[in-house]
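Taking it in order: structure first as structure tokens, then the write-up.
The values are calculated or read from the model by the stated rules, or taken from the named source; none is laboratory data. Everything numeric in this text was worked out from a predicted model, so none of it was measured. When we count neighbours, we look across all protein chains shown, and the Cβ atoms used for this are built from the backbone with ideal geometry, even at glycine.
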Amino acid sequence: MIRDKIVNVPPVTGINPFDELPVDAAIWRTAHDHHHQHRLLHGTIAHRPGVVYGLEVLARQDRTLTVAPGAAVDAEGRLILLREPVSFDMDEKGQFFITLSYKQPFITESAVTVGSGEKYYEFMEGREVRSTKDAPSNEYIELARIYRTNPEKPVRNAANPFDPGSDEINLLHRPLAFPHCYADVAVGELAYVPKTGGDSWKPNRAGLWNLLQEGNGRGFHLEFAGPVNIAADDLSPFPALLYIAGSKGFQPLSAQQVEGLQRFLARGGVLLGDACGGEEFANMFKELAAQLGASLADMAAGHPLLKSHYVFSAAPVGAQDGKGFVIDAEGGVMLSSANYGGAWQGDISKPDAPDARERIRQAVEFGLNIIMHAAKRQRGKYLDTLLR
């Protein structure tokens, strides 16, 4: 595929400037096209065309579907940005394709008179989002398709995304660019005051940092936000995930901190507690979860968290044996008693065990699942607000 692209690339021509060079429109165009062609070559050969980030297609208000903001790269290597949501009323019967294409319209305000006509000296790199019964003839990115059996029936998000039915949004033919941005979020720490002053409130910071760096090498865009003042009215950057770890008890959070956590969760944030041994920290975290209105329970088979990025049949063991994982997905609160943060930094209770390396790998992958789950929850809250 790459070989074919290289063979079909036209020669790239540049300009060798010198003082006596007469500059006309052709030379000016060649000089600028030199850089433009290299940009397209990079986009074509170094990246696979498809969705880079966002551009979700969602059912909205009965017979309407909406394309959310995002970015894509087409087969010509051109970057396509959608800055505002675009909606379509699906009020006809038949098969429809929802597509995104590059568009380069001239800016009419740049018109100048040339002879008896006008020419434009400015154009805008734009995009065109369409809902059509036939796929466009130009280069395009398919975002979704849907078969409408009756214009009066509501448009629905697919109950099973791998087997969408009629009048459900079909995302199976939606290409992902390479590299694709799976999630672009910040991850912070929830600081606390230990009951015994000698215990650190951040025993797994090295592990958390390691996890974020690993994610940044696997298609995630992750920022370490450090300790977050959760009582602040405006969190900047607003993290998708807050992490708190420990082995001993901690002083109860203030009313302001609890209210801040409630605001954080209401805006789509996720709170992850990670017990590093013993029951004291886990019990204190459960009390905090109850204050937040969360009902922690065992994770059922097939829970979305188990498939948010990597595929698991159940939450994996972490650095400790025989520990569990409980969650309130709706409330955005989860508790691990497996010390995943310890595994993220290689601190395994049995470092010489034959499965020690496998535990670390699974803990990292599950940690990225948690981040992906948090990112989807945060993005979902944003889209709910955007599409109201």
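Tabulated data for the structure shown
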quantity	calculated
Candidate set: region 249-264, residues that are in contact with an Asp or Glu (Cβ under 9 Å, 6 or more places away or on another chain) and surrounded by fewer than 17 Cβ atoms within 10 Å (Cβ to Cβ); chosen: the one farthest from Cys276 (Cα to Cα)	Arg263
Of the criteria (1) free of Cβ contacts under 8 Å to residues at least 24 places away in the same chain; (2) more than 27 Å from Tyr182 (Cβ to Cβ), which one Gln320 fails	(1)
First in region 169-189 and closer than 17 Å to Gly268 by Cα, second anywhere and part of a loop (DSSP other than H, G, I, E, B) and hydrophobic (A, V, I, L, M, F, W, C), Cβ under 8 Å, 6 or more apart	Ala183/Ala240; Val185/Ala240; Ala186/Phe238; Ala186/Ala240; Val187/Ala240; Gly188/Val228; Glu189/Val228
Test for Ala159: is it in contact with an Asp or Glu (Cβ under 6 Å, 6 or more places away or on another chain) and either over 30 Å from Arg48 (Cα atoms) or of a type in the set (A, V, I, L, M) (or both)	no
Those residues of region 37-85 which are without any contact (Cβ under 8 Å) to a residue 60 or more places away in the chain and of a type in the set (Val, Ile, Thr), in sequence order	Thr44, Ile45
Residue that is surrounded by the most Cβ atoms within 10 Å (Cβ to Cβ) [pool: residues in region 294-317 that are without any contact (Cβ under 8 Å) to a residue 24 or more places away in the chain and over 16 Å from Leu368 (Cβ atoms)]	Ala314
Listing of strands (runs of 3 or more DSSP E) fully contained in region 100-208 that carry 2 or more residues being at pLDDT below 95 and exposed (fewer than 13 other Cβ atoms within 10 Å of the Cβ)	111-114, 117-120
In region 232-246, residue nearest to Tyr382 (Cα to Cα) [restricted to those that are over 23 Å from the mean Cα position of the chain (by Cα) and either outside the structural domain of Gly318 (by TED's automatic domain parsing) or part of a loop (DSSP other than H, G, I, E, B) (or both)]	Asp233
